[in-house]
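Read-outs: derived from the displayed coordinates by stated rules, not from any lab. Fair warning: this is a prediction, and the values are worked out from it, not measured in the lab. Note: ideal-geometry Cβ built from the backbone for every residue, glycine included; neighbour counts use all protein chains shown.
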Amino acid sequence: MPEGNCDFSGRGRDYFLTVIIHLVLLTALTAGIYGPWAMVRIFKLKASHTRVRGRTVRFTGKGKDLLVSSLLWGLLIVVTIGIYTPWAACSFLRWKAANTWVEERPSEFTGSGVDLFFLGLVHLLLFPLLTLGLYLFWGLYRIYAWKEEHTRYGGERTSFGAGVKDFIKVSLLSGVLNVLTLNIFSPWALCMLYRWQIRGLMVGQGEGMVHFPPVKTPRVLLLLPPAIGFLFAWWLSTTLTHYLETGKELFQGQLIKGSAPGGSGGKDAQRVRITMSGKQSEEQKTPAAAKDMGQGRRTLGIFAPPRPRDEEESKGASLELRLGRIESFLLKNPASPDGFYSRGWVHQMKGDLDKALSDYNQALRLNPVFVDAFFNRGVIYVQTGKYELAVEDFSSALKHEKGSADAFSNRGSVYFQQGKFELAIQDYTSALKIVSDDPDILYNRGNAYVENGEIQKGKVDLIRAEALGQKSASEPLKRLP
């Protein structure tokens with residue numbers, strides 16, 4: 001390390017009691033009020049162990065003066081939303097220098113808040129952000145060097161030659177040892193920093209005395225942040241282009257606006273709405289439920305097929321093309337729950353329920369709170385007559401999406417299939433609290449009321465459903481007294 005004409009002889013044990021008792025313990029016990037007095041004790045210790053050109057150094061500052069000034073600086077920082085911080089730092093350095101005497105001559109600090117503001121903006125904020133924190137050590141060193149170059153010890157010219165490599169070594173070693181010793185090493189770390197700082201000072205003028213050149217940021221470091229920023233922008237652009245080209249937007253859970261097959265849109269626009277037409281025998285329940293899956297005004301799947309791009313898609317090849325895109329996506333992203341969910345949706349649309357069920361299971365293994373996978377898997381269980389499992393899945397969907405009218409409605413329809421009409425009525429009622437004038441749910445609840453023996457309530461719901469456009473409601477109304 002380049003050395004100047006100053007020296008520091010302090011050792012960690014000399015600072016142990018001051019740091020641990022005064023700076024840590026007493027400051028904590030007084031909620032920070034004792035902090036300025038603790039800092040003054042540290043400054044006096046440092047001065048007593050410092051020699052500038054062989055001359056003694058003493059510190060004359062007082063804790064109460066630092067407390068009053070700190071309160072004022074803190075207030076201005078708060079009022080200016082932090083903007084005053086560089087000016088507060090310069091005021092502190094100016095106070096510290098004025099109370100640092102080299103024999104009988106005070107020191108002085110000449111830095112300005114404006115310079116420190118822009119220096120900090122570039123070296124402590126902009127460059128560290130652009131380099132993902134890699135530049136931070138150099139930025140701290142740059143601020144430290146600026147501070148020393150603007151401090152005139154004993155009123156004499158001062159230059160700074162301590163190297164950045166040694167600063168990084170001291171910082172890393174101190175950080176590791178402080179962590180390992182629960183900060184007990186901090187007094188020794190403080191002395192390591194003081195020794196590095198003071199031995200890098202060249203103070204005064206005289207024959208044969210050669211001052212260090214001003215510390216400047218190497219050009220390679222100035223070029224590093226823009227280069228990293230350019231590489232990041234290139235990577236981001238390439239990645240986004242790749243995702244767009246491979247249809248990645250289909251796997252981000254975003255709705256594609258427009259008409260879905262068999263549906264007219266809405267909050268849950270791509271989920272199946274089960275509609276019930278009356279009580280069925282056990283052997284009729286499964287086929288009737290399967291038949292009704294396509295009759296609701298809402299369709300399943302979080303990803304609605306896009307509008308046809310060409311004649312081939314408009315003639316029925318859309319699902320196969322989509323399946324090919326999903327297969328390609330899953331080859332590159334084998335742990336994507338959205339990918340498995342989307343493939344399950346296509347299989348379900350094609351009628352391959354076993355494949356769809358397998359994909360929904362995998363999606364839920366990768367993402368245990370995947371609401372739409374619970375929802376659509378519940379629909380498959382209804383289609384295959386596994387009503388208890390369907391109830392579990394619709395209940396899981398409601399656990400994570402309490403405001404889903406379709407989940408309430410579908411679970412109510414499963415209860416209806418099981419002959420649990422009171423539970424069905426409760427779920428349909430919960431759904432109607434969310435969407436009060438939904439003709440499908442009114443139709444379902446009307447049928448449930450009728451099957452439960454509450455004829456008049458059923459008629460009211462069926463009449464409302466018919467008035468709102470549910471054409472099937474006229475049939476059960478004809479059979480009612």
Within the range 351-449, which GluC sites (Glu not before Pro) sit in a loop by DSSP and count at most 16 neighbouring Cβ atoms inside 10 Å?
Glu401
Which length gain, in nm to one decimal place, applies between Glu475 and Leu319 when the Cα-Cα distance is subtracted from 0.36 nm times their residue separation?
52.6 nm
If you filter the range 1-79 for trypsin sites (Lys or Arg not before Pro), then keep DSSP loop positions with at most 16 other Cβ within 10 Å, what is left?
Arg11, Lys62
Distance between Cα centroids, the range 82-142 to the range 388-440: provide it in whole Å.
64 Å
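For each of Thr217, Thr56, count neighbouring Cβ atoms within 10 Å of the residue's Cβ, then give the residues from fewest to most.
On the way: Thr217 16, Thr56 13.
The fewest-first ordering by Cβ neighbours comes to Thr56, Thr217.
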Under 1.5 on a/c is rounded, so check that first for the range 334-481, then, if it is not, pick prolate when a/b is larger than b/c and oblate when it is not; a ≥ b ≥ c are the square roots of the alpha carbon gyration tensor eigenvalues.
prolate
Take Phe230 and Ile463, extend 7 Å from each Cα along the Cα→Cβ direction, and tell me the distance between the two endpoints in nm.
7.7 nm
At most 13 other Cβ atoms within 10 Å and a DSSP loop assignment: could you name the trypsin sites (Lys or Arg not before Pro) in the range 387-434 that fit?
Lys402
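Report the relative contact order of the range 348-400, percent, no decimals, based on alpha-carbon pairs under 8 angstrom and at least 6 residues apart. Write down the numbers at each step before the final one.
Values: 40 pairs, mean separation 15.7, N = 53.
Computed value for the range 348-400: 30 percent relative contact order.
Subtracting the Cα-Cα distance from 0.36 nm times the residue separation, let me have the gained length for Glu156 to Arg11 in nm, one decimal.
Gain on stretching Glu156 to Arg11: 49.5 nm.
Arranged by the count of other C-beta atoms within 10 angstrom, fewest first, what order do Ile81, Ile228 take?
Details: Ile81 8, Ile228 17.
Lowest count first: Ile81, Ile228.
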With +1 assigned to the C-beta of every Lys and Arg and -1 to the C-beta of every Asp and Glu, and no other charges, what is the dipole magnitude of the range 78-205 about the Cα centre in debye, to the nearest 20?
200 debye
Cα-based Rg / Dmax (Å) for the range 137-211:
14.4, 48
Starting from the Cα-Cα distance between Lys332 and Leu71, subtract it from 0.36 nm times their residue separation and give me the gain in nm to one decimal.
88.2 nm
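Of the listed pairs Lys402/Lys433; Lys386/Lys478; Lys44/Lys147; Lys44/Lys64; Lys332/Lys399; Lys44/Lys216, which have alpha-carbon separations greater than 23 Å here?
Details: Lys402/Lys433 12 Å; Lys386/Lys478 32 Å; Lys44/Lys147 19 Å; Lys44/Lys64 15 Å; Lys332/Lys399 32 Å; Lys44/Lys216 31 Å.
Table pairs above 23 Å Cα-Cα are Lys386/Lys478; Lys332/Lys399; Lys44/Lys216.
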7 Å from Cα along Cα→Cβ at both Ala28 and Asn178: what's the point-to-point distance in nm?
1.5 nm
Can you put Glu3, Glu104, Glu454 in order, fewest other beta carbons within 10 Å first?
Glu104, Glu3, Glu454
